[in-house]
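So the structure is just underneath, and the comments pick up after that.
All of the numbers you see were taken from the coordinates with simple rules; none came from a lab. Treat the numbers as computed from the prediction; the structure is a model and nothing was measured. Positions of Cβ are backbone-derived with ideal geometry, glycine not excepted, and every protein chain shown enters the neighbour counts.
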Amino acid sequence: MNKAVFFDRDGTLLIELGYLTHPSRVAPYHFAAEALRMARDHGYLLIAVTNQSAIARGYLSEADLAVIHRRMQDIFGEARAELDAIYYCPHHPDGTVRAYRKKCDCRKPGIELGVQAARKFDIDLKGSFLIGDKETDLLFGSGLGMTTCLVRTGLGAPEEERLGGEGLKDSMVFDNVLDAVKWITREDGCSR
């Protein structure tokens, strides 16, 4: 079986800009490509999982999102850090676009997208990791049996404060995705 690092997109790999609706606004953190490369070099598959309620809200289409993700992959590809897959949920219970207005199992913290990725890539979820900046990311990862890492970028610092010690008891906390990957791969010199 394969091992993977699952990454949230906005606030973890990309600078949190609110609803990302145009490829010109794709802005990776300056350390994101290095984190992806390091994880790949240590044998991990790179999987992004992202909630994209902007589709349900009518701010962009799935075709628009595909262009945004292609731009993101191009940027990471130039740095030899392209993701193996990107999974997204276009739904939201309060969406204005009827086709996407629903409660679903693929919207994090639901685990359906992780189940799909594990099936497609033969991933050992218990030997894999989730890195994100929101409680929903952590719940997604823990729901799949992964080790979870909260990063302080994006919405992570307020989430850390809100969740407090007990709310984070099963998660590691890092300043950013690169620090998390260094810990995962033991590049930080510390043992897990």
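Overview of results
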quantity: Segment Glu16-Asp122, extension gain: residue separation times 0.36 nm, minus the distance between their alpha carbons; calculated: 35.1 nm
quantity: Overall Cα dimensions of the stretch 61-192 - principal axes, largest extent first, Å; calculated: 48, 38, 29
quantity: Label point distance in nm, Gln73-Arg162, each placed 7 Å from Cα along Cα→Cβ; calculated: 3.2
quantity: Selected from Tyr100, Cys149, Ile55, residue furthest toward positive end of dipole (the chain; charges at beta carbon); calculated: Tyr100
quantity: Relative contact order (percent, whole number), the stretch 7-167, Cα cutoff 8 Å, 6+ residue spacing; calculated: 22
quantity: Inverse mean reciprocal Cα-Cα distance (Kirkwood Rh) of the stretch 1-54, Å; calculated: 12.1
quantity: Gaussian network model of the chain, Cα within-10 Å springs - most flexible of Pro90, Pro158, Pro28; calculated: Pro158
quantity: Size of electric dipole in the chain: Cβ of Lys, Arg +1 and of Asp, Glu -1, about Cα centre, debye, nearest 20; calculated: 540
quantity: Selected from Ser24, Ser142, Ser53 as most flexible by GNM, with the chain as the system and alpha-carbon contacts under 10 Å; calculated: Ser24
quantity: Filtered trypsin sites (Lys or Arg not before Pro), the stretch 1-91: DSSP coil and at most 15 other beta carbons within 10 Å; calculated: Arg80
quantity: Within straight-line cross-link reach of Lys108, aspartates and glutamates at Cα separation under 12 Å, skipping those fewer than 8 residues along the same chain; calculated: Asp8, Glu135, Asp137
quantity: HN-Hα J in Hz across the stretch 8-13 - Karplus 6.51, -1.76, 1.60, θ = phi - 60°, x for Gly and Pro; calculated: 5, 8, 6, x, 10, 9
quantity: Amide H partners (placed H, <5 Å) of Thr50, local residues excluded; calculated: Tyr87, Tyr88, Cys89
quantity: GNM top mover of Ala32, Ala54, Ala85 - the chain, alpha-carbon springs below 10 Å; calculated: Ala85
